[in-house]
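This report refers to the structure that appears directly beneath it.
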Amino acid sequence: MGSRTIIKAAEWTLSAETAEGAPSAIFSVACIACGAESEAADNDRLPVEVWALKHTGLNPTHRQYQPKVLSFWRVDPAPGNPYLELQARGGVQR
């Protein structure tokens with residue numbers, strides 16, 4: 001049986017996910033009056049805003065919306081964290 005190291009205290013950094021292909025945000029909106037929802041849009045809220053305006057144009061009493069913004073975060077080892085050195089040597093994948 002192999003040995004295992006337990007790190008009781010280590011510093012980490014929290015930041016936006018920047019991996020290739022990861023969206024900075026995914027936007028959508030739901031109509032409060034009827035529950036209709038827009039299609040989700042990566043990195044651009046304009047299509048969602050246009051959808052809400054058109055929805056109100058077709059349904060003049062539907063004027064309240066719940067916007068939904070989904071973002072992605074990642075946690076990486078900070079300087080001084082042993083995982084940072086392991087990651088640099090290729091022992092831990094980013």
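Throughout, read-outs are computed from the coordinates displayed, never taken from laboratory work. Since this is a predicted model, take the numbers as computed values, not measurements. Quick reminder, even Gly has a Cβ in these numbers, built from the backbone with ideal geometry, and neighbours come from all protein chains shown.
Quick one: pull the percentage of alpha-carbon pairs in region 24-70 with a separation above 18 Å. The partial results should precede the final answer.
Details: 216 of 1081 pairs.
Tail fraction, whole percent: 20.
If you take P(r) over Cα pairs in 10 Å bins from 0, in percent from the coordinates, which of [x] 12, 19, 21, 27, 20, 1; [y] 16, 45, 22, 12, 4, 0; [z] 14, 29, 18, 16, 14, 8, 1 do you get?
[z]
Relative contact order for the chain: what percent, with Cα pairs under 8 Å and sequence separation of 6 or more?
On the way: 131 pairs, mean separation 32.9, N = 94.
After rounding, I find 35 percent.
Report the charge-dipole magnitude of the chain in Debye, nearest 20, computed about the Cα centre from +1 at each Lys and Arg Cβ and -1 at each Asp and Glu Cβ.
Numbers: 9 positive and 10 negative charges, 55 e Å.
For this selection, approximately 260 debye.
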